[in-house]
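Below: the structure, in structure tokens.
The values are calculated or read from the model by the stated rules, or taken from the named source; none is laboratory data. Only a predicted model underlies this, so the values are computations on that prediction, with no experimental measurement involved. Backbone-built Cβ (ideal geometry, glycine too); neighbour counts: all protein chains shown. The area values use the complete protein model at the heavy-atom level, side chains included, leaving out ligands, DNA and RNA. Shrake-Rupley method; radii C 1.70, N 1.55, O 1.52, S 1.80 Å.
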Amino acid sequence: MINSAVQAAIDLTAGAAGGIACVVTGQPFDTAKVKMQTFPNMYKGLVDCFVKTYKQVGFRGFYKGTTPALVANIAENSVLFMCYGFCQQIVRRIVGVDRKTKLSDLQNAAAGSFASAFATLVLCPTELVKCRLQAMHEMQLSGKIIQGHNTVWSVVKGVIQKDGPLGFYRGLSSTLLREVPGYFFFFGGYELSRTFFASGRSKDELGPIPLLLSGGFGGSCLWIAVYPVDCVKSRIQVLSMAGKQAGFMGTFVTVVRTEGVLALYSGLTPTMIRAFVANGALFLAYEYSRKLMMKQIDSY
């Protein structure tokens, strides 16, 4: 039996591996999502956004904000999967079963939802920097800011000078509103899909294709459930560069009143493509690296 500290370290490392796989596969679609969410009138659709970005900034434009995205995803997924292991134990205690009992798909979904609250604290600052870098070009084009900061360090410095350390937590309430229910659907969809593919066998025996599809399904469930909340979060984090930005409810009401409900779904196409591809890669990297480390520990 692996002790809980070693188990936590394994979950943390496997989560980091999943985070890297997620960013490498999904970053161009994430960049398009943030641009289309924050400036829906500038782009007719996903292809238009890709073409304009390529013409204006070149291929590297799709990977703007990759450094903070990597930091964000590695930090978030490390904390998320480490806390997921702990939260599964808490759920076992609540329902009164022993440590080795397999949880139901619904119980795993609840554990994932609890774990996401902890992950939000490390995700919010890095995601703020990522979103600002991704939409910097549009902020200058729209005249909201005169001079854009094009490096991670200049954005970080700008936040500290203008708002102090707490400035990194702009959009925290909307990030929490997205993560907690979102990860219920994320882990719920993933576990439900694995149960479907396992059809009576152990889920641990599933090959790479079912794992990819299950991860993709879990990611799709998350984004369908919480997309409007994420749209509001992106607006708050990006537009607060130009001055004081209303909070979650203020921004939500303004968008609906001035642009209509559909504006909350701007950028949904690249998000759904990215959700399937990136989360499939995330879970595949997580499960395989975790299995590999468990095997190594067991052989000692």
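With n ≥ 4 as the cut-off for DSSP H runs, can you work out [θ] at 222 nm for the chain, using -39500 (n - 2.57) per run divided by the number of residues, rounded to the nearest 500?
-26500 deg cm²/dmol
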Cα lying deepest toward the dipole's positive end in the chain, options 208, 12, 252, charges on Cβ: 252
Whether segment 185-300 is rounded, prolate or oblate, judged on the alpha carbon gyration tensor where a/c under 1.5 counts as rounded: prolate
Nearest-ten-degree value, helix 248-259 long axis tilted from longest Cα axis of the chain: 60
Of 33/291; 35/157; 102/233, pairs whose Cα-Cα distance is over 29 Å: 33/291; 102/233
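Just to verify a number: FRET efficiency for residue 157 and residue 292, C-beta to C-beta distance, R0 = 41 Å, to 0.05?
0.55
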On Cα atoms only, tilt of 105-134 relative to the major axis of the chain in degrees: 30
Segment 24-155 - percent of accessible surface contributed by carbon and sulfur, probe 1.4 Å: 65
Residue-normalised accessible area of the chain, given per residue in Å² at a 1.4 Å probe: 46
Solution diffusion estimate, µm²/s, Stokes-Einstein, segment 1-86, Kirkwood Rh from C-alpha pairs, 25 °C, viscosity 0.890 mPa s: 169
Signed unit charges on C-beta, dipole axis of the chain, positive-most listed residue 269, 103, 117: 269
Computed label-point distance, nm, for sites residue 101 and residue 6 using a 7 Å Cα→Cβ extension: 2.6
Degrees separating the helix 152-163 axis from the principal Cα axis of the chain, which is the longest one: 70
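For segment 5-151, would you read off the P(r) tail past 18 Å as a percentage of all alpha carbon pairs?
The calculated P(r) of segment 5-151 puts 63 percent of pairs beyond 18 Å.
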Chain lengthening between residue 117 and residue 265 when straightened (0.36 nm per residue, less Cα-Cα): 50.9 nm
Computed accessible area, residue 265, all protein chains, 1.4 angstrom probe, square angstrom: 90
